[in-house]
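Notes follow the structure.
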Amino acid sequence: MCARFANDEMAAVQFMHGRGLMHDRRICPRCGRYMVLRSREDRDDVRWRCGRKECRKELSAKTGTWFQGCEQPIRTMLLFIRAWVEKWTTLAFCRGSFDMNDMTAVRLNAAMKRVVEEWLLKKSGACWWPRPYG
């Protein structure tokens, strides 16, 4: 997985779409038309763009997701999620592997915990608490 997405932002975004982590379609907030997902070579990012010639409104692919406000590219976030699952996201690992500062690594670790908690609650349909040991 890592090699496939390490340098391809669009592939990482499409992978996230397939898992429900990102929008699979967007409506232009300005004119109401469907937007198209486009790769922006000049910015090394993927953006939603309105197909209406007179509008051309653009939104980040991260807008409206838990990635919103995160400076790292989606491909880095995908690799971070993989590392988090393996419990590799120590500050030293994030600095070395993702060129992240400590505050960003702490914030993303906390965000991952919240996302998983929300997913578990939604999946179970009930309040879920771990049982105490013993």
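Of note:
- Rounded FRET efficiency, nearest 0.05, which uses the C-beta distance separating M103 from R43 and R0 of 25 Å: 0.55
- Using 0.36 nm per residue and subtracting the Cα-Cα separation, the extra length available between R25 and L59 on full extension is 11.1 nm.
- Within-13-Å neighbourhood charge of C70 [Cβ basis; K, R +1; D, E -1]: +1
- Residue order, fewest to most surrounding Cβ atoms within 10 angstrom, among E117, E58, E9: E117, E58, E9
- Size check on the chain: the Cα extents along the three principal axes, sorted descending, read 65, 39, 26 Å.
- For the chain, hydrophobic long helices are taken as DSSP H runs at least 27 Å long by C-alpha position along their axis with mean Kyte-Doolittle hydropathy of -0.5 or more; these are 102-124.
- The slack in the chain from L91 to H17, taken as 0.36 nm per residue of separation less the alpha-carbon distance, amounts to 23.8 nm.
- Evaluated over the chain, the count of Lys pairs having alpha-carbon atoms less than 22 Å apart is 5 (only pairs 8 or more residues apart or interchain).
- Electrostatic dipole magnitude of the chain [Cβ: Lys, Arg +1; Asp, Glu -1; Cα centre; debye, to 20]: 620
- Loop trypsin sites (Lys or Arg not before Pro), the stretch 61-113, which have at most 13 other Cβ atoms in a 10 Å radius of their Cβ (DSSP): K87
- Among D102, D8, D42, a tally of other beta-carbon atoms within 10 Å of each Cβ gives an order, fewest to most, of D42, D102, D8.
Each value in this text was obtained by applying a stated rule to the coordinates, not by laboratory testing. Quick caveat: nothing in here was measured; it's all calculated off a predicted structure. Note that we place each Cβ from the backbone using ideal geometry, even for glycine, and neighbour counts take in every protein chain shown.
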